[in-house]
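Heads up, the thing below is written out as structure tokens.
No lab work stands behind these numbers, since they all come straight from the coordinates. Worth saying up front: this structure is predicted, and the values here are computed from it rather than measured. Counting neighbours? That spans all protein chains shown, and the Cβs are built from the backbone with ideal geometry, glycine included.
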Amino acid sequence: MNERKAKTYKSPIRKLVRFFEKSRDQWKTKCLEAKATAKGLKHRIGYLEQSKMEWKTKAKELEKGLARMKAQQNRAQSLEDDKKKRLISPTHRFVWKVSSNPCLITPIRWAIFCCLSRSFYPPSRVFAVPAVRSR
């Protein structure tokens, strides 16, 4: 079989021992520093992932809140637009309770109704809401 030749050094053994010990210690120190760096980076990755999830959750909640606020704003805007349309439209809604039926009439018809109602009904009955009897 192959026999290995033993290395022979020309330097004295006391110097070689010191050199090899120093080399070994430097290698161990370098390895321990690399392990500590790797461990620190693993912890940092875990922290950053957790932080990322928290921010993502917070962003989603804020997006939902924004969507709710936009929906409220749209509802308020549509109600305001409806009010403006009612005020601008040629026909206005006038509700009176003679026979408890609300009616949609034009302003001219309203004026005619008011004139006629004075002659046919006493003024207290034209706009009167039926009274609730108490027991």
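Mind running the shape call on segment 13-88? Use the C-alpha gyration tensor, a ≥ b ≥ c as the square roots of the eigenvalues: rounded below 1.5 for a/c, prolate if a/b tops b/c, oblate otherwise.
Verdict is prolate for segment 13-88.
Within a 10 angstrom radius of the beta carbon, how do Lys5, Lys84 rank from fewest other beta carbons to most?
By the 10 Å Cβ count, ascending: Lys5, Lys84.
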